[in-house]
Amino acid sequence: MQRYFLPPDHFTPNQCVITGQDAYHIQRVMRMSLGERVICCDGRGRSVVAELTHFDTDVVRCHIVQELDEQRELPVQVTIAQGLPKGDKMEWVLQKGTELGAVRFVPFVSERTIVKYDQQKEKKKRQRWQKIIKEAAEQTHRQWLPELSPIVTIDELAQLEADTKLVADEEQSTKLSSCPSAFVQALKGLEEKQHLAVAIGPEGGFSREEIHFLKQHGFTPISLGRRILRTETASQYVLAAISFYFEQMGG
């Protein structure tokens, strides 16, 4: 069945309403008929099987026939704070990060950020980024639609709230030993449903001053292995490691 994310206020106990591009997709692209069924999600954990009952030009009304008890999400909530990269790399970060289970993305500018967006360009970028997140969440059968924060500064990033805050630091890769790394120690200390935020710098990473500044605001520097990763690869490493630790190892 096709899966669609709807605003929470489009749900009642027994019905849901699909509008906009999704309604167009059902009627004009998929050419569905009344009586067919789709899966509708409110983006905050509720998923239902819904039967199509009424078509309008840009509205599809549905009757909820079943509540689904799906377990698709990571046991912990992960925010990826991503230094704005060049080109279309941010699209890759958002798409793959959604596929791998992130619940929030916080793009930020820092000392080594190269790209700059004016207000109009940022608005257009956000529209495209949100579309990429939604499509990736539908494709991977997520129950949770990740949140996309406005672009923030390094000062605003420092104020990010989470149970545990980590920052990827290239210098830490030279300090790995047989002892559990700071990343592993952080994962060991997390309990189910707690919130973990990981900050990843843009091309060139963070300056030493920025690492020191983030440490002063509760971020722990961590290594992402012995190799130096591209900025668009780092979040995938983080999320894959978290998934393996909590879902495969039962951490």
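The values are calculated or read from the model by the stated rules, or taken from the named source; none is laboratory data. Just so it is clear, the model here is predicted, and its values are computed rather than measured. Here the Cβ positions follow ideal geometry from the backbone for every residue, glycine too, while neighbour counts run over all protein chains shown. Keep in mind that these areas ignore ligands, DNA and RNA; they rest on the heavy atoms of the full protein, side chains included. Shrake-Rupley method; radii C 1.70, N 1.55, O 1.52, S 1.80 Å.
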- Item | Equivalent ellipsoid semi-axes, the chain, via Cα gyration tensor eigenvalues times 5, rooted, Å | 37, 21, 14
- Cα-Cα over 29 Å, subset of K134/K165; K193/K215; K124/K193; K86/K188; K96/K165: K124/K193; K86/K188
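Over all directions, what mean area does the Cα convex hull of the stretch 19-90 project, stated in square nanometres?
Numbers: hull surface 29.2 nm².
Result: 7.3 nm².
At 18 angstrom or more along the helix axis (alpha-carbon based) and mean Kyte-Doolittle of 0.0 or higher, what helices does the chain contain? Whole DSSP H runs only.
Working: long enough: 119-139 (30 Å, -2.32); 231-243 (19 Å, 0.51).
Helices meeting the criterion: 231-243.
If we count every other residue with Cβ under 14 angstrom of P7's Cβ, Lys/Arg +1 and Asp/Glu -1, where does the sum land?
Working: positive: R44, R46, K134; negative: D9, D22, D42, E147.
The answer is -1.
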- Using a 1.4 Å probe, what is the accessible area per residue for the chain, in Å²? 52
- Calculate, axis by axis, the spread of Cα positions in the stretch 58-144 along the three principal axes, and write the results as whole Å, longest axis first. 51, 36, 15
- Note on the structure: Shape call for the stretch 183-245, from the Cα gyration tensor axes a ≥ b ≥ c (a/c under 1.5 means rounded, otherwise prolate when a/b beats b/c, else oblate), comes out oblate
- Starting from the Cα of V59, step 7 Å along the direction of its Cβ; do the same at E122; then give the gap between the two resulting points in nm. 3.5
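Taking only the C-alpha atoms, wrap a convex hull around the stretch 1-124 and report its volume per residue in Å³ as a whole number. It would help to have the intermediate numbers written out before the result.
Numbers: hull volume 17.6 nm³, N = 124.
Dividing the Cα hull volume of the stretch 1-124 by its residue count gives 142 Å³.
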- Tell me, Kirkwood radius of the stretch 8-54 from alpha-carbon pair distances, in Å? 11.2
- What is the sum of charges around I228, taking Lys and Arg as +1, Asp and Glu as -1, for the other residues whose C-beta is under 12 Å from the C-beta of I228? -1
- How large are Rg and Dmax for the stretch 121-238 when only the alpha carbon atoms are used, in Å? 15.6, 47
- Query: With all protein chains present, how much of the accessible area of the stretch 96-251 (probe radius 1.4 Å) comes from carbon and sulfur, to the nearest whole percent?
  - Reply: 48
